[in-house]
Structures are given as structure tokens and as C-alpha cells.
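For reference, the structure discussed in these notes is given below.
The values are calculated or read from the model by the stated rules, or taken from the named source; none is laboratory data. This structure is a prediction, so every number in the text was calculated from the model and none was measured. Virtual Cβ from ideal backbone geometry, glycine too; neighbours counted across all protein chains shown. Calculation scope for accessible area: heavy atoms of the full protein, side chains included, ligands and nucleic acids excluded. Shrake-Rupley method; radii C 1.70, N 1.55, O 1.52, S 1.80 Å.
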Amino acid sequence: MSTLKLVVVGNGMAGMRTVEELLKIAPDMYHITVFGAEPHPNYNRILLSPVLAGEQTVDDIILNRREWYAEHGITLHTGSKVTRIDRARRRVIAEDGTEAEYDRLLLATGATPVILPVPGNDLAGVTCFRDIQDVETMVRYSAERRHAVVIGGGLLGLEAANGLRLRGMDVTVVHKHPWLMEKQLDAVAGRMLQQSLENKGLKFLLEKDTEQLVGEAGHVRAVRFKDGQQVPADLVVMAVGIRPNTALAEAAGIHCNRGIVVNDTLQTFDPRIYAVGECVVHRGISYGLVAPLFEQAKVCATHLANFGIGRYAGSVTSTKLKVTGIDLFSAGNFMGGEHTDEIVLHDKVGGVYKKLVLEGDRLVGVCLFGDTADGAWYFQMLKDGKDVHEIRDTLMFGQNHLGDTGHKGQTQAAAMADEAEVCGCNGVCKGSIVKAIKEQGLFTLEDVRKHTKASASCGSCTGLVEQILASCIGGAYQPADSRDKPMCGCTDHSHGTVRQAIREHKLLTIPDVIRLLQWRTPNGCASCRPALNYYLISTWPHEAQDDPQSRFINERAHANIQKDGSYSVVPRMWGGITTPQALRAIADVAEKYRIPTVKVTGGQRIDLLGVKKEDLPDIWSDLAAAGMVSGHAYGKSLRTVKTCVGAEYCRFGTQLSMALGVKLEKMLFGMWAPHKVKLAVSGCPRNCAEAGIKDVGVIGLESGYELYVAGNGGIKTEVAQFLCKVATDAEVMEYSAAFLQLYREEGWYLERTVHFVRRVGLDYVKARVVDDAASRKALYERLLYALQGYQDPWAELARDPRKRREFQLIPVEEPA
Amino acid sequence: MTAWVKIALLEDIPRLGARVVKSARGNIAVFRTGEDQVYALHDRCPHKGGPLSQGIVHGAWVTCPLHGWTIGLPDGCAMAPDQGRTSCFEVKVEDGLVWLKL
Ligand code: SRM
Ligand SMILES: Cc1cc2nc3c(=O)[nH]c(=O)nc-3n(C[C@H](O)[C@H](O)[C@H](O)COP(=O)(O)OP(=O)(O)OC[C@H]3O[C@@H](n4cnc5c(N)ncnc54)[C@H](O)[C@@H]3O)c2cc1C
Ligand code: SF4
Ligand code: FES
């Protein structure tokens, strides 16, 4: 097949992102030619604000260097503006005479700033804020002149004003409306913003209409308003809006209506011509922030690659001002209206304002000033259209009101110093994250994880990293819609879709899933394979075959790998109760195999640490001889059932907690789950077994038991929620099992019960497990069926010589 | 002096898995891919020395079990943006027998 020709007009952020996405999926399909009117390779336009403020240089913000174009065989014409499209001959013609032929054409011509139609708008010293050249002009003036007037108190105007102020100019911002950023903020937040900017030395003139720019010898000297007032000006920056750049398309007869009109596949009315970015209008909307443009780019690339998958259905956007030291966030319908309610917190002294707008049980708007820590969290719920009525009471206090561990409970990125540690697992400080975002041009959480490792391990600092991203790239940061986030880089399908396909098509093996759902990789990766394996065996118990090679080493070797490559062994101690005989067997094993450390775990049992892999099968045989089985301390599976002494001995005990704990643990032995599962049974409300932070917690009362679910004692402590009260042991078993089976069937891999319940809602869980007896019984029975005939994996491995072999090293005769 | 040594039957190495050969130069991980290609790497991750043999094999890559770096089986190089390299050994399969050059 001969290579097709793709021509791109506009060497900016949307155009080049589309090319990058295209190269990822169809690297050899096109020979690509790019025309850019600016003399530079593609740069990060967003970061012109920090360049103006002197925080970065032009060189820092280049996204694709010339070598990148060369490496990908792309012909690049810079400083070359396309003036004509000859659709009949399929050619574009540039001002300088360069021509190129296309099979497909991509228009990404961006937008042009609006120039106020007032006298004097063509004087020297009047500029816009759009490209590198504008920034260079402003920098030059700031070195020589004193008075700057910025017309427009929106996002762009304020960033320009802040930059000029930092370069030492005396800056006045002129705005038509009664408060700043009226499209993104309500009046209260707008005034608070004005106050903080005034503290930084900016001056404001609100509700002013510009009448004329007054000149002297061809250079601007002052700005005059309709009310007669006049202010001195050596430099005037117009930031009153942008207009999609459609001139080229219109001249070629492509249908435009305020922007180039495209459908959900980003195709224009000429099927050979696609368009993305600020120049387009999609379902009546033009976007002026990069996050939606990047979504367009991704979809457009799949169509250019003839994959024909993916549709762009529009975006919800959020706003963040990139002025260092000012925290502001808004999204959705933050003004509210007739059918909405508001929750407002306003601390004038502390400089914090938060407004949440609700329509029924959904969050539809957010406006935050001063403390934006939870911006990303609110935005996610807003985009997901999540039902919030269960958390309405505490919604205002944000996601973090319980505090995360590992970064001193810090929740506000803006307040952190550059040296402050953000990611406690990988030792990454704020400064290195900011540096990576700026230098490598990162836009997503995944990018930051890959490049810095921050938030790549336990994830407790994710919120902080998101804030840092938002403060560096402003509204360009958009968390993905959590419900249809792809499982991993191998596929575009989400966990939800994959689970559904496995059930509906009765898929039984990983190759089946990969084939049907068209994975991009031959056998997945280390992140999707374990998930697929779990989905298969949990959906089709006794039918789908477990695949050990798709399990993380701990589950494959039935022991926990340690930092030095040795393993740890934790035998099960049912309900935390042991016997002299079992303790003796553990002691014998520890001596016989010279196990360096014996430790009591936080889960009421004993851990043998520092075991050589080769010794594992023998140790298991010895333990099995004394009646012990695997504690699954390594698995996404049932871990421990913690118990307290209970009515067996305790003077306060109301129920036999030890006995019930043992029964629960025996029932659930061998249960695999999306993540680990821990239970606890306490004999009375003093709760010595800490049932309040377990996946399932049981508390004994005189009259029966209270059941709690979805607690978590780990990275982020989460208190379990009350599910229901029951009378008998048998009911505890049935309700607990039903809850866990629901989690097993509908939870996503690596989602713990707390996150699962947060996603589906406690009401849903209650409906399936408490209110509907038939559903409960069915869930309970499906769990019992799945667990039927489960054998202790240790005994099985120790017995089977073939399986044992994998634990052995292969000795070799070395050549002399 | 180097020479080819016989180490195992191909079927002794699980598909999409590995076995470890104990040599005087340290442990060597011998991998088998989904398409039955065989590769051998020093069993030490370039990051912090994790045992690569214990990782998950996918395509011609293995993901280290300790902190998730992904290492290319043919050349021992870490997948970008991580940087580092593990040394490789020559291997071949003949008549279902796996040979390692030591
Ligand atoms: C051995 C033990 C520490 C100890 O010596 O006490 C332990 C050791 C590990 N924990 Fe833990 N946890 C241990 C009790 C706990 C507890 C307390 C408890 O179970 O009562 C918690 C908090 C309770 C909870 O899970 O809600 C706990 C919360 C975690 C977490 C955070 C989970 C979360 O959802 O937030 C992780 C990380 C993970 O699973 O992703 C973790 C992960 C780990 C791993 C498996 C890390 C790893 O992947 O290698 C550690 C393995 C060490 C090793 O090599 O053996 N461990 N870990 C405890 C084993 C208990 C047992 O008998 O099975
Ligand atoms: C100072 C500033 C700060 C910003 N801050 C943010 C922010 O914090 N968050 C955010 O999300 N967004 C921000 N934006 C907006 C963001 O930069 C734009 O949404 C984005 O760059 C638009 O991408 P695009 O590819 O559509 O257009 P552009 O990036 O403008 O690219 C279009 C390119 O096409 C070229 N071109 C036009 N016509 C022709 C032609 N006929 N022939 C050849 N070349 C042509 C232009 O010269 C231009 O280089 C900011 C913008 C500015 C100016
Ligand atoms: S045992 Fe748990 S808390 Fe301790 S270092 Fe390991 S993962 Fe962290
Ligand atoms: S040792 Fe391999 S990833 Fe850290």
C-alpha cells in the first residue's frame, strides 16, 4: 500500500496532539506535512503566562522540538501561513508559495484574539496576549516603560496583568463587568480574587467601557473611557476574548458557523477534511481550554487511522487561574438557578470561600476560592453525575477531612514549599514534580506518575499531585471520567465494560478476552492480566481456569516477596487463636530452616520472614503436617478475621466473638476478591477487635449483632458504615457473605470495599443485601458455590512434584 | 572460555514465565514468552536489584515484582522513562532443549 498524505494546517497544541495520537496507533500510515504560521516548533501556549511572569523561558515550553518532527519523518514548514485550499485538486497553498497535496487534511488553526473596534486600536504599544511574539513585545515594553493597561478581567487578562506587574510595571486592569472573571466566578469569589490581586499591587477599574486609545506620535499614551475618565498607558494589552480562526476554511467553502462545524468524529462537511482545536464548533460549542481539545485530538486520530472507534461527545470544563499564590477553582453551573440548592462556606478572615451547587442529588457546580484542595474531587463527581445524597452532610468538608498519611496530612499544594515531600513512598518533593510538568510538558496524572513516580505507589498523595498539575497547567488539567477510564494502556475499555463482556459472552480465558475486545498488546501487561484473571475466575467459578502466570508473584508463589528477593510465610491462625502444638510447629520450622525473623503481625498471627524460595514447599509440608494452612497474607483474598476475647471469657462480653470469628474465617477460606478483605468480630461495643475499620465488622450486643461494612485502616483511614442489625450467627454469616459476593461480582480489580461502596452507594448495597431477601440468598449461595472444594494451596503445591519444580533453581555445570 | 550449556527442557519453563539458573556469575533468569521465544537476563532489576524472574511476562517484556519497572527481554533495557540496563545472556532452543551460553 502506498503511504497516504496527511497535511496539517496549524502547528499548535491541538494539531500536534492529534499527530502524536495518530503516530501512537498508526505510525506508518501517513506521510505528514505540517504548516505553521509562527516561526517556532509547537510550544505549550498555556505556559506563556509563566514566561511573561519570568518564571520560565521560551525554550522551557517547547513541546515538540524540530528533531521530533525529523525523527517521525514529518515535513515541517514554519513561518509559513496557508492562504488557500484547493479542494478539487486536494492541495494547500501557502503565502510563500509552498504547496502540498493531501489525501486527508487536518485544520487546527486555533483562534485569534478579538481587537476592540475603538479608535487608536492600531497604535504602536497595543498588543494581544496570544503567542510568543506578543510576550516578547510585552517583555520589551516592561523593561523601558511604566504604565500598562490590560483591557479584560478574565483569565487571560489577569495572567497578563500579573506577569507585567512581576516585571515591574504599574498595571491597571479594566473590566466591563461588576466583578472579575464573571464567566468563571460568582460575585463573592470575584471580589475575593480582586482583593488578593490588589494585595499583589494590581489596580482595577470595573464597569468601564473603553471609548478610545489616545495616541501621540503614533504611539499609545492613554486609555479613555465612555464616562470621560482617562488613565495613562505606555502599553495596552487587549484580552477581551478570542474568535475561532475560520478565515481559511471559509474561503475554501467549508461550512462554518462561528467556527468550523464538525461532527462527533471531528470531520467537517468535506469528508476528507478534519478539524480540531479552538477553530472548531462542535454541537454549537467552541472550547478555549486544552483539555477538551486533547479529547478531540484523541478521537480525531482514531478516525484518521481508520479505526473508526470513539466519538467526541463534548466536554465539561473547569477553570484554574495560573497566578502563583492564588487558589481558585470553578466548574459547571456555579451561579445556580431556579432548580438548584447551594451549600456555602465563607470565611472572610481566612480568605476561604466555597460554594457547591446541587440540583436534586447531583453536584452541578463548584466555585472555590482560597482552598481548592478538593477541586478535582468535586469535579470528578460533577462529571460522573454522581448521586451525592449519602455524603451531602459532609460534602462541604471535602474528601480529605479524615486526613491521609505519608505527607504530614498536607492537603494544600499551594502552601507547600518546593522541598516539601509530596509522595512519601517514592520520596518525591513538590519541586521535582513541578519541574517535570514544566520541562517535559506533562498534562495528565498518568504522565506525572510515569515520569516522577509521585503517586505511583500507594496513591495517597494523588489529590496533592492533581493540585500541583492544576496549578501548573491551569484548566488544561482534567481528571478522566472515572467510570470509563481505560483499564490500562493495552485497551480503551474500562473495568466495567470488560467485566460485562466476560459475563455476556461467557469468556473463559485471557486470550479470549484479548481477542474479542481487541487488546493492542499480544498478552496484556502486568496491570491488566491480574485483573482479567480475577474477573474470569470470579465470574465463572469452576469453569474458567486460574492462570498463575497472570498473578502477581505473591499469589503465584503463595508467599510475600521481600525487598531482598526472599519470602515471608504467614500460616493461618483461625480467628487469631492458636494452640501449643501449632506454636511448636512454627518454632520447629523457624529453627530447621534458619528463618531469621519471627514476628507477630498486626493481624493476630505469626509471620516468618526471610525465607528462601527453594525452602517454601518443605516449610509448607512441615506446617501442613501440624494441621496448618496458608494465611493468604499475600493475596487479593480473605486475609484475617480479627476477634476479641468476647463472652467466652471477658466480663463485658455479650456474644461469643472468638467462635463466630473462626466460623466466618472458615466459611471464607480461599476467597479471592478484587482486593484484600479483612473482617473483625468484637464481643461488645468496646470493640477491642477494631471492627470499625474493617471490610466487614461485626459488633456483638445483648440482642444480636450490628454489621458494619467498607471500613479501611490503611492508607486513608475510613470508618466502616452501618449496614444493618441481625439476631443470629447464621444471619451474620449470610449477610456478610452476601455483601462480599456483591463486591466480588461488581468490584473493580484493586478497588477495596470502601471504594466500591463509595462508587455504587450504600443504598444500592442495602437494596441488594438487606432489603431483598431473595437477592441476599442468591448472593450467599453463589459465594458458597465458588468456594466449594477449595484446597489449601500450600499442601497442594508441596504435594505436586511438577509444581514444586518451579520453586527450584536450575544448577549448571559451568564451562571451565 | 564460553560455551553452550544445556539447562532445561523448554516445557520446564512456564509459558509467560521464567526459571532461575544458578551460575557462578549470579542468578540468571530464563524467560519464555507467549510465542515460545526464550531470553536470558541477569536476575537483577536495574532499579534496586529485584528478582526479574519473579515478574509478570508480557509481550517481550517483564515487569519487576518490587516496584514495577518494565524491562525489555531482548536487550535488558528499562522501558522509558525509566533508565537502566540489565546484562543479557545468549540462549537458544534446539529440539525442545534450552541452551545457555556461559
Ligand atoms: C505483615 C504485616 C505487617 C506486620 O508485621 O504487622 C503487613 C505487611 C504488609 N502490608 Fe499491610 N501488613 C499487615 C497488616 C496491615 C493492616 C492491619 C490489619 O490487617 O489489621 C493494615 C490496615 C488495615 C487495612 O488493610 O485496612 C494494612 C494495610 C496495608 C495496605 C493499605 C491498604 C489500603 O487499602 O489502604 C497495604 C498496601 C496495599 O495493599 O496495596 C499493605 C501492604 C502490605 C505489604 C503486603 C506490602 C507488599 O505488597 O509487600 C506488606 C508485606 C510485608 C511482607 O513482606 O510480609 N498493608 N496492613 C501485617 C500482616 C497482617 C496479617 O496477619 O495478614
Ligand atoms: C496566555 C495564554 C494562557 C492560556 N492558559 C490556558 C490554561 O491555563 N489552560 C488551558 O486549558 N488553556 C489555556 N490557554 C488556551 C490554550 O492555549 C488554547 O486553548 C490552545 O492553545 C488552543 O490550541 P489550538 O491548537 O486550537 O490553537 P493554537 O495553539 O493557537 O494553534 C494554532 C496554530 O495555528 C497557526 N495557524 C493559524 N492559521 C494558520 C494558517 N492559515 N496557516 C498556518 N498556520 C496557521 C497559528 O499560528 C497557531 O500557531 C491559554 C492561552 C493563552 C494565549
Ligand atoms: S509492612 Fe506495611 S507499613 Fe510496613 S513498610 Fe511494609 S507496607 Fe509499609
Ligand atoms: S527493583 Fe525492580 S522495580 Fe525496583
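The conditions of being within 13 Å of the chain's Cα centre (by Cα), farther than 25 Å from residue A:532 by Cβ and more than 8 Å from every other protein chain (Cβ to nearest Cβ) are met by residue B:44. Here residue A:349 passes the criteria (1) at pLDDT 90 or above; (2) away from ligand 2 (no atom under 16 Å from the Cβ) except the one numbered (1). Name, by its number, the condition in (1) in a strand (DSSP E or B); (2) among the hydrophobic types (A, V, I, L, M, F, W, C); (3) under 29 Å from the mean Cα position of the chain (by Cα) that does not hold for residue A:51. Of (1) in a strand (DSSP E or B); (2) among the hydrophobic types (A, V, I, L, M, F, W, C); (3) under 29 Å from the mean Cα position of the chain (by Cα), only one is false for residue A:51: (1). The lone criterion from (1) of a type outside the set (Gly, Ala, Ser); (2) open to solvent by less than 30 Å² (accessible area, probe 1.4 Å); (3) away from chain B (no Cβ under 14 Å) left unmet by residue A:725 is number (2).
So if I check each of A:520, A:449, which one is modelled with pLDDT of 85 or more and assigned to a loop (DSSP other than H, G, I, E, B)?
Details: A:449 fails: assigned to a loop (DSSP other than H, G, I, E, B).
Answer to the selection: A:520.
Just to be sure I understand the filter: pairs with C-beta atoms under 6 Å, separated by 6 or more residues or on different chains, first member in the range A:529-540 and more than 14 Å from chain B (Cβ to nearest Cβ), second member crowded, with 20+ Cβ neighbours inside 10 Å. Which pairs pass? As it stands, the answer is A:535/A:499; A:535/A:502; A:536/A:544; A:537/A:544; A:538/A:744; A:539/A:502, since those pairs meet every condition given.
Regarding residue B:59, is this residue surrounded by 14 or more Cβ atoms within 10 Å (Cβ to Cβ), within 16 Å of ligand 4 (Cβ to nearest atom), at the interface with chain A (Cβ under 8 Å from one of its Cβ atoms) and not polar (S, T, N, Q)? Considered against the rule, which asks whether it is surrounded by 14 or more Cβ atoms within 10 Å (Cβ to Cβ), within 16 Å of ligand 4 (Cβ to nearest atom), at the interface with chain A (Cβ under 8 Å from one of its Cβ atoms) and not polar (S, T, N, Q), residue B:59 comes out as no.
Return yes or no: is residue A:563 open to solvent by 50 Å² or more (accessible area, probe 1.4 Å), without any contact (Cβ under 8 Å) to a residue 60 or more places away in the chain, within 14 Å of chain B (Cβ to nearest Cβ) and not aromatic (Phe, Trp, Tyr)? First the steps, then the outcome.
Numbers: open to solvent by 50 Å² or more (accessible area, probe 1.4 Å): yes; without any contact (Cβ under 8 Å) to a residue 60 or more places away in the chain: yes; within 14 Å of chain B (Cβ to nearest Cβ): yes; not aromatic (Phe, Trp, Tyr): yes.
So residue A:563 passes the test.
Flag: residue A:28 does not match the condition of being assigned to a helix (DSSP H, G or I) and more than 9 Å from ligand 2 (Cβ to nearest atom). Under the condition of being in contact with a strand residue (DSSP E or B) (Cβ under 7 Å, 6 or more places away or on another chain) and part of a helix (DSSP H, G or I), the residues counted in the range A:590-628 number 5. Looking across the range A:452-492, just one residue is open to solvent by 10 Å² or more (accessible area, probe 1.4 Å), modelled with pLDDT of 85 or more and part of a helix (DSSP H, G or I), and that is A:452. Quick check: is even one residue across the range A:35-48 farther than 24 Å from residue A:289 by Cβ and either part of a helix (DSSP H, G or I) or open to solvent by 50 Å² or more (accessible area, probe 1.4 Å) (or both)? Yes, the range A:35-48 contains a residue that is farther than 24 Å from residue A:289 by Cβ and either part of a helix (DSSP H, G or I) or open to solvent by 50 Å² or more (accessible area, probe 1.4 Å) (or both). Quick check, is residue A:311 surrounded by fewer than 16 Cβ atoms within 10 Å (Cβ to Cβ) and in contact with a helix residue (DSSP H, G or I) (Cβ under 7 Å, 6 or more places away or on another chain)? Spelling it out, residue A:311 is indeed surrounded by fewer than 16 Cβ atoms within 10 Å (Cβ to Cβ) and in contact with a helix residue (DSSP H, G or I) (Cβ under 7 Å, 6 or more places away or on another chain).
Scoring residue B:91 on the criteria (1) more than 9 Å from every other protein chain (Cβ to nearest Cβ); (2) within 28 Å of residue A:450 (Cβ to Cβ); (3) modelled with pLDDT of 95 or more leaves a single failure, condition (2). Strands (runs of 3 or more DSSP E) fully within the range A:78-154 that include at least 2 residues being closer than 30 Å to residue A:30 by Cα: A:82-86, A:91-94, A:99-101, A:104-107, A:111-113. Based on what the data block shows, is residue A:815 open to solvent by 30 Å² or more (accessible area, probe 1.4 Å), within 14 Å of another protein chain (Cβ to nearest Cβ) and more than 27 Å from residue A:549 (Cβ to Cβ)? So residue A:815 fits the description; yes.
Scanning the range B:46-56 for residues that are open to solvent by 10 Å² or more (accessible area, probe 1.4 Å) and within 8 Å of ligand 4 (Cβ to nearest atom) gives B:46, B:47, B:48, B:49.
Restricting attention to the range B:24-41 and to residues that are facing chain A (nearest Cβ under 10 Å) and over 20 Å from residue B:11 (Cβ atoms), the residue that is least open to solvent (accessible area, probe 1.4 Å) turns out to be B:27. For the range A:761-779, the criterion of being buried (at least 21 other Cβ atoms within 10 Å of the Cβ) and either within 14 Å of chain B (Cβ to nearest Cβ) or of a type in the set (Lys, Arg) (or both) is met by at least one residue. Looking only at the range A:640-654, residues that are surrounded by fewer than 24 Cβ atoms within 10 Å (Cβ to Cβ) and among the polar types (S, T, N, Q) come to 1 in all.
Only a single criterion out of (1) facing chain A (nearest Cβ under 9 Å); (2) open to solvent by 20 Å² or more (accessible area, probe 1.4 Å) is not satisfied by residue B:75, namely (1).
Scanning the range A:83-131 for residues that are surrounded by fewer than 18 Cβ atoms within 10 Å (Cβ to Cβ) and among the small types (Gly, Ala, Ser) yields A:88, A:97, A:124.
Looking across the range A:550-560 at every residue that is of a type outside the set (D, E, K, R) and within 30 Å of residue A:625 (Cβ to Cβ), the one that is farthest from the other protein chains (Cβ to nearest Cβ) is identified as A:558.
For residue A:612, indicate whether it is open to solvent by 10 Å² or more (accessible area, probe 1.4 Å) and away from chain B (no Cβ under 14 Å).
No; evaluated as a whole, the condition is false for this residue.
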